[in-house]
Amino acid sequence: MTTTTIQAATAVGYFRVSSPGQAGERHVSLDVQAAAFNQYCQAHQLEPIARFTDIASGRKDDRAQYLAMLAYIDEHGIGNVVVLFLDRFGRNPREILRRYWDLQERGITVQSVNEDLKEELLLLLRAGIAGQESKRTSERVRAAIREAVSRGTHVGMMPFGYIKYGNQIEQVPEQAAAIRLAYELATVRNMGYKAIADYLNGHGHRTKSGKLFMAETTKVILKNPALVGRMVFKGSSGQGEPIVHENYYPAILSPEEWDTLQERLRIRREGQHRGRTDSSQYLLSGIARCGHCGGPMGGTSPGPKQYYLCRYHKKASARCEERNSHKLAELEDAILEHLGQYSDPKRVRELLKADGEELDGRDEAELARATARLADLEQAFLNDLDRVDRAIMNEAEYVKRQEVRRQEQEDLQSSKAELEAKLAAQRDLAAQAASVPVKVGSFLQDFKGMDVRQAKALLQGILKAAHVYKDGRIELEFRE
């Protein structure tokens with residue numbers, strides 16, 4: 001083990017300018033800084049050993065010569081670093097103090113040629129705390145808003161479909177009618193946002209401001225939980241858990257209708273169920289996939305002989321060498337017959353591999369512990385910041401304590417995310433095992449009397465894909 005002895009009377013100079021010829025701000029050209037360094041060392045009985053010069057903006061944190069200076073200090077045991085002003089270390093209080101404390105922890109004394117160091121450090125510390133206080137003020141404002149919302153106070157504009165009279169929130173009849181129509185267009189007629197907007201505009205409906213509907217406007221309206229009476233507040237920063245008030249608005253859609261609508265919108269986001277795919281008269285378009293290459297199985301043009309065939313093979317046989325095609329009626333009948341097996345909950349559990357995936361109480365308890373500990377760490381950070389402000393704790397001790405907490409915080413956040421994902425997956429599997437048989441049974445009972453687009457929308461809500469092979473094998477992939 002090699003021990004480096006600190007030589008208290010030795011010094012290196014650290015200089016920084018934004019450009020080689022800089023001489024404007026504080027007259028700190030390289031020549032001025034070098035001359036001041038030599039004069040200062042002579043006046044304070046220091047031996048000038050070396051000088052390190054960075055020509056870079058104070059905003060950059062990758063200064064090569066500063067890093068070289070640190071290595072030189074460690075190797076030669078230099079006792080002092082001399083700068084003309086502390087702002088040579090950076091352009092903001094946090095950066096300057098971080099460098100100062102880092103050198104101090106190495107046993108190095110920082111000396112400033114033209115400043116009362118103690119007074120300057122106090123000013124920097126106060127400036128840093130002031131910046132933090134500004135952040136805390138914003139946090140207090142956000143907290144006050146969240147508190148008001150938690151008591152039931154409405155913040156912001158009323159959502160489409162509603163108006164407020166005094167303390168009473170009521171539906172706007174013509175807007176509610178537009179929402180009901182948009183719901184039907186999305187779920188029954190399988191339309192996308194733009195098609196819905198065009199239809200609403202064509203039938204005389206307008207937005208709250210009297211303008212035409214656009215695709216994005218329609219999307220915002222249909223995804224707003226206010227439609228089912230629920231007020232959800234996330235805040236402008238999206239920080240903290242959302243605040244939810246059930247039955248806050250007079251609901252326009254029932255809970256079942258809301259779930260149906262959101263499932264339909266989620267399916268469309270996948271990108272396989274848009275445009276001609278949804279408007280075609282082929283029940284399995286957007287669902288049937290070639291089991292050999294994964295390509296879509298599309299229907300042929302209307303005619304006496306109708307088939308589903310692999311689109312990849314049709315476009316280029318090199319993409320799929322199998323000529324995978326099936327008569328329309330035969331494939332649809334085969335898939336519906338195969339689907340019928342999954343009206344049995346036990347069979348669905350086997351498919352989803354949900355057996356043995358019961359919720360683990362230990363995981364939930366561990367998640368609760370991690371969440372509580374993260375809250376404790378955040379409060380400890382704020383408490384220490386207050387101690388620094390009141391001079392109960394010095395800056396170096398504050399930095400050390402935060403480094404220890406930061407590592408624990410990172411570990412806990414990672415563990416919390418893993419536990420949340422695991423528990424969510426377990427709940428999803430259990431929910432699917434219960435819901436899929438109900439959906440399948442209902443669909444098989446009702447679909448024959450439905451319009452093809454309506455039946456297709458329901459089937460897409462059950463199946464993500466039906467993988468079809470040339471030999472007639474079928475593998476169903478249920479929607480999560």
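Stretching the chain fully between Arg180 and Glu321 yields a gain of 46.0 nm (0.36 nm per residue, less the alpha carbon separation). 3J(HN,Hα) along region 150-167, derived from phi through the Karplus expression 6.51 cos²θ - 1.76 cosθ + 1.60 where θ = phi - 60°, amounts to 4, 7, x, 6, 7, 10, x, 6, 5, x, 4, x, 9, 9, 10, 10, x, 9 Hz, with x in place of Gly and Pro. The phi torsions of region 381-387, fed into the Karplus equation with coefficients 6.51, -1.76 and 1.60 and a -60° offset, translate into couplings of 4, 5, 5, 5, 4, 5, 5 Hz, rounded to whole numbers, with Gly and Pro shown as x. Only lysine pairs 8 or more places apart or on separate chains count here, and in region 370-480 those with Cα atoms under 19 Å apart total 5. Distance between the modelled labels on Ala143 and Glu263, one decimal in nanometres: 4.3 nm (7 Å Cα→Cβ projection). Distance between the 7 Å Cα→Cβ label points at Arg369 and Arg106: 4.1 nm. Can you tell me what percent of all Cα-Cα pairs in region 162-269 are more than 25 Å apart? The calculated P(r) of region 162-269 puts 22 percent of pairs beyond 25 Å. Mean sequence separation of contacting Cα pairs (under 8 Å, at least six apart), scaled by the length of region 281-480, corresponds to a relative contact order of 29 percent.
Modelled label positions at Glu477 and Ala329, each set 7 Å beyond Cα in the direction of Cβ, lie 3.0 nm from each other. If you plug the beta carbon distance of Lys234 and Arg405 into 1/(1 + (r/R0)^6) with R0 = 22 Å, you get a FRET efficiency near 0.20.
None of the figures in this text is laboratory data; all of them are computed from the coordinates on show. Source: prediction; values computed, not measured. Every residue, glycine as well, gets a Cβ built from its backbone with ideal geometry; the counts of neighbours run over all protein chains shown.
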